[in-house]
Every structure is written in C-alpha cells, then in structure tokens.
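Scroll down for the structure; my scribbles are underneath it.
The values are calculated or read from the model by the stated rules, or taken from the named source; none is laboratory data. Computed from a predicted structure; not experimentally measured. Reconstructed Cβ throughout: ideal geometry from the backbone, glycine too, with neighbour counts over all protein chains shown. When the accessible area is computed, the model is the full protein with side chains, heavy atoms only, and any ligands, DNA or RNA have been set aside. Shrake-Rupley method; radii C 1.70, N 1.55, O 1.52, S 1.80 Å.
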Amino acid sequence: MHGRLTLTLASSLLFGLVLGAAPELGSRAEAQPGSVRDRRTQPPPPAAHPTDPPPPPRAERPGVRRGMVWIEGRWDWQRGQWVWVPGKLEPERPGKRWRPGKWERRGDRFEWIADAWDDLPAYPTEPPPPPRAERTPPPRRGFVWVAGHWDWRDWSWVWVPGRWERAQPGKRWQQGRWEQRGDRFEWIAHAWLDLPRFPTAPPPPPRAETPGARRGMVWVEGRWDWQGGDWVWIPGKWEQERPGKRWRPGKWEQRGDRFEWLADAWDDVPQHPTQPPPAPPAEQRQPPRPGYVWVAGHHEWRDGAYVWIPGHWERQKANQRWIDGRWEKQGDRYVWVPGRWQ
C-alpha cells in the first residue's frame, strides 16, 4: 500500500515537470531558423492630406431665417476619405461677414483654407455699381425729384429708389455722390444749398429768333434770366411804340466776381444828339441835270437816333446858290443847320 502511494506521487511530479518545461521548449522552437512565421501584411495608415480634389458639392436647399447666415455644406477629409459635412444656419454677427473656406492645392496635396468670420470695413473700398435705370416722373409743382442712388448698408450695396422732395424757397437740391478718398469711398450727402442771388459766369449765347416786322411795334429781344440759381430763357415779344420814347435793351454786366442785370427800359428820346453824326455813306455821283441842283444826303435826328436822308434834286432858282445843311455843336449838343438858297 505504501509502495503504490510513493509511485503515484513520483508520476505526478514528473508530469508537472514536463508541463513546466513545455513553454520554454516552444519558445526555443520558434527561435529556430527552420520554424514557420506569420507573414500577413498590416494596412497602411490613412493619409493626413488628400492628393486629389474633393468631389463636386452636393445640392442643398439653403435655409432662410431672419438674423441667420447659411453656411454651405462642404467636403471634409477624415480618416483618409472624403466625408460630406451638411450646411447649417449660423447666427449673424454684428460687424462680421462669413467667408467660406476652400480646398487649395499646395504642392502634391490639397489643404483646407479655413472658413471664418471676417471683420467688415466701415467704408466700401470699391465704387458702387452703375445706377439703375429709373423712369423720371413728370414735373410736380412745388417738389424736386431726387434720383435713386446706391447706399452702403450692413457692408453691402443697397439701392435706394428715387423720391420727391418738397422744394424749399431760396434753396437748390444738390444730389449726393460717392467720392474716393484714399483707399476707400465716402458718401457726400444730399443737401439743400442756398441759391446764389447773382450768377458768377456769363449767360449762354442768345437763342436765334426771327421776329419779322410790325408797323407801330417794337421787337423786344429774348434774353437769359437768372431764376432759382440757374439760367432761364425768356422769349422775345412785341411792344407798342411809345411817343417820345426809345426801347433800350438790358444786358448782363460783370461787376467784381458776379454778373448783374442792367434792366431794359423805355428811355426818353433826347431832342438833340450829344454825339456827332456818323460818317456819311458813299453816294453815287449824279450827272449834271439842266435847271436843277443836287442836294447831298445827310443824317437827320429822329426818335433819338441818326437816320440817313439820301440826296435829291432841287429846282434851280434864278440868281440863287444852294448852301448844304450841316451839323453844328452848340454847347453840350449838336444842332442841325438846314440847307438854304442864298
């Protein structure tokens, strides 16, 4: 009985020693050159940057919501492949404007230029678009039409339609305009300007008129008048003659830095001229005429102006000689001494 127990214990101890040595034998067997290896290849790590451009963007229906900005969807590079990121609405930010990002090639790969909220300039750096065509309405009494213009609002161009402004006495409307100053454009605002009482430049050339002639009437030529800060043409007209009067046209005359109107008027016709008559025009010499004397032409004073009276024949008087008339200065005026027989 005792011998069997001893044999059993010895067998168990030997089996344990064999099992304990088995891992070591296995590791030695793997280390041997003739043993079999696991040759399966591992997948390469995903590329950090794409080498091809992204696919075309997917069609989206942008959301519209007051006070929100639509951020378009885009392709993103995640774990070595293109992944679509859907668009979304973002709250607006005062003084900011959304700048979309983009994929840009740099060398042999594409890199993402990040989207961002950029600060908006207080003034535009580009001129406004061409003005929109507007139908100017017919004139409206007591009002001034203000043409439409582009305005810079919330960092973008906004069209402001034309409108009527009530006229202001003694004022002239000056349309606003965009003016470049340095690297930006600034708005020169609309304004009502005081009208100048007098023009600083001469009037335009007079307009052509063909009045003709009317017995007993005087033609008063048309002229430019200064009204409401601008030149206005006043057409000519007929005026009834006035006995003992002569029409004197007005004229614009420069005085200092402005032009003033010297008014037209009916002047009293002087009974005697204060200036000598003009040179007599050349008359055709008449051949002798038996029994007659040639009386040379002369200037006559009529209605405040010199009028030429042509020469004529006078019948000869026995034992008489014709003496021609002449203009003679007497004091501050000229007096006509008529011709006579002597």
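Miscellaneous remarks
- Between helix 2-31 and the chain: long-axis angle, C-alpha atoms, 0 to 90°, nearest 10: 30 degrees
- Accessible area in square angstrom per residue, the chain, 1.4 angstrom probe: 78 Å²
- Whether segment 226-279 is rounded, prolate or oblate, judged on the alpha carbon gyration tensor where a/c under 1.5 counts as rounded: oblate
- Built amide H within the under 5 Å cut-off of ASP76, gap 5+: VAL83, TRP84, VAL85
- For the chain, alpha-carbon Rg and Dmax in angstrom: 55.7, 216
- What a 1.4 Å probe finds exposed on the chain is 52% carbon and sulfur by accessible area, rounded to a whole percent.
- The packing ranking, built from the mean of other Cβ atoms within 10 Å per residue, places the peptides 298-310, 114-126 in the order 298-310, 114-126, highest first.
- Rounded to the nearest 10 square angstrom, PHE259 shows an accessible area of 20 square angstrom against a 1.4 Å probe.
- Using the rule -39500 (n - 2.57) for each DSSP H run of four or more residues, divided by the residues of the chain, the 222 nm mean residue ellipticity is -3000 deg cm²/dmol.
- Virtual spin-label span in nm between GLU328 and HIS49, 7 Å along Cα→Cβ: 11.8 nm
- Around TRP178: net Lys/Arg minus Asp/Glu count, Cβ-Cβ under 15 Å: 0
- Solvent-accessible area of LYS245 with every protein chain in place, 1.4 Å probe, in Å² to the nearest 10: 70 Å²
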